[in-house]
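The values are calculated or read from the model by the stated rules, or taken from the named source; none is laboratory data. Every value quoted in this text rests on a predicted model; they were computed, and no experiment measured them. Reconstructed Cβ throughout: ideal geometry from the backbone, glycine too, with neighbour counts over all protein chains shown. Note: areas computed on protein heavy atoms with side chains; ligands, DNA, RNA excluded. Shrake-Rupley method; radii C 1.70, N 1.55, O 1.52, S 1.80 Å.
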Amino acid sequence: MTAVTAEMRNTAVKRRRHPTAHGAAPFGFAMIALSVLFVAVFTAIPIVASLGLSFFSWDVISTPEFVGLQNYQRLLHDGPVLKSFGVTLGMAVAIVVLQLTIGLALAVLVNQRKLVWARTAFRTAFYLPLLASTAAVSIFMGYLFDYKFGVVNYYLGLLGIPNVPWLTSGFAAATTIVLIAVWQQVGFTFVLFVASLMSVPTDVLEAAQIDGAGPLRTLFRIKVPLISPTILFAAVVALINAMQLFDQPYIMTKGGPGSATTTVTIAMYQKGFQNLQFGYGSAIAIVLLAAILVITGLQFLAARKLVFYQ
């Protein structure tokens, strides 16, 4: 009797210790199901639908006509669309390089022991632009950099500098859009790098200091290798976002002057929604997706030799 009573008592104690054990699994599955449903409705299904639509010619009004690979063959001979891929890749590389470089430089400065009190303030200041609407920021920047009435050219004129064609010259427009995109997105990489630098073991830094390593050598030989997984993550996310650049060039320049800032997403929008060539626009979208997957795969291949996992 004593053994049976003791066993029953232990069972009751275990049940009291885990009151939600039976209800935790259904709740977890429910949360996972919501995430899977969200990804399926807003990502997977549209991708599959675009893939299927890319094999058709459809203008919304008439019945879709199956054309096989004609849309992809047309893309290979479409000069403006191919140029938009080059423009997108060039702007994406510039955005990623600047975003990582500036984000890391700011994180290193803020991570100094003398600036511990300012970390929260700088995090907030640099992260705030990311919370703003990209469309609203683009409209504001369009007025700011306007050739005739822009505030930037107004103050440059006070210094005796002639008006700069920020948005009406091909190279200047592309450069301006890149800088604005970097300004708005750099807060994300900055916060990532600050958190990653704070996790670097202090004993490793102290050992390097004892060995006589200077600040630059400590940064590039110790800190950067240790936070390289974070750098890889930031580079992948930044490249994916940059390859889908749309709001800034479309709102500020409409892809101009000429086609200097026409990205792939703008070309896709023009073909699909303005010219009602939804099959061809879907083909452009699928090729863009494939390009992003290939470039991301190359990043992970390079990471095998460049990224250090503790």
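Pairs of lysine residues in the chain that meet both criteria, 8 or more places apart or on different chains and Cα atoms under 28 Å apart, total 6. Charging the Cβ of each Asp and Glu at -1 and of each Lys and Arg at +1, and nothing else, the dipole of the chain about its Cα centre rounds to 980 debye. Of the residues Gly79, Gly90, Gly214, the one that moves most in a GNM of the chain with alpha-carbon contacts below 10 Å is Gly214.
If you sort Met268, Met31, Met243 by accessible surface, 1.4 Å probe, largest first, the order is Met31, Met268, Met243.
Work out the FRET efficiency for Ile161 and Leu82 from their Cβ-Cβ distance, taking R0 = 41 Å, and round it to the nearest 0.05.
Working: r = 37 Å, r/R0 = 0.91.
Computed FRET efficiency for Ile161 and Leu82: 0.65.
Build a GNM of the chain with springs between Cα atoms under 10 Å apart, and of Gln248, Gln274, Gln99 the one that fluctuates most is Gln274. Which residues does a label at Arg119 reach in segment 185-207, if reach means a backbone N under 14 Å from a point 7 Å past the Cα toward the Cβ? Only 191-202 pass the distance filter. Across the options Thr262, Leu128, Gly214, the greatest Cα extent toward the positive end of the charge dipole of the chain (unit charges at beta carbon of Lys, Arg, Asp, Glu) belongs to Gly214. Maximal additional length on extending the Phe300-Ala132 stretch stands at 57.4 nm, based on 0.36 nm per residue less the C-alpha distance. Within the assembled protein chains, the solvent-accessible surface assigned to Asp59 is about 60 Å², based on a 1.4 Å probe. The calculated FRET efficiency for Ile32 paired with Thr101, based on their beta-carbon distance and R0 = 30 Å, is about 0.20. Between Thr265, Thr202, Thr253, the Gaussian network model of the chain with springs among Cα atoms under 10 angstrom shows the greatest mean-square fluctuation at Thr202.
Residue order by solvent-accessible surface for Val60, Val236 is Val60, Val236, largest first, with ligands and nucleic acids left out and a 1.4 Å probe. Full extension of the chain between Arg221 and Tyr309 yields a length gain of 30.2 nm, computed as 0.36 nm times the residue separation minus the alpha carbon distance. Which shape class applies to the chain: rounded if a/c is under 1.5, otherwise prolate when a/b exceeds b/c and oblate if not, where a ≥ b ≥ c are the square roots of the Cα gyration tensor eigenvalues? Oblate, because a/c is 1.5 or more while a/b does not exceed b/c. When nucleic acids and ligands are ignored and a 1.4 Å probe is applied, Lys254 ends up with an accessible area of around 120 Å².
With the other protein chains left in place, how much accessible area per residue, in square angstrom, belongs to segment 62-195 at a 1.4 angstrom probe?
Result: 58 Å² per residue.
Using 0.36 nm per residue and subtracting the Cα-Cα separation, the extra length available between Ile210 and Arg74 on full extension is 42.6 nm. Solvent exposure of Ile161, expressed as accessible area, is near 70 Å², computed with a probe of 1.4 Å over the protein chains only. Taking all Cα pairs closer than 8 Å and separated by 6 or more residues, the relative contact order of the chain comes to 27 percent. Charge dipole of segment 181-304 (Cα centre as origin; +1 on each Lys and Arg Cβ, -1 on each Asp and Glu Cβ, all else neutral): 300 debye, rounded to the nearest 20. Once backbone amide H atoms are built at 1.01 Å from N, Ser57 has Glu65, Phe66, Val67 as its partners under 5 Å, excluding neighbours fewer than 5 places away on the same chain.
Candidates Val204, Ala234, Ser50 compared by Cα position along the dipole of the chain: farthest toward the positive end lies Val204, with charges placed on Cβ. For segment 197-292, the solvent-accessible area works out to 46 Å² per residue, with a probe of 1.4 Å and every protein chain left in place.
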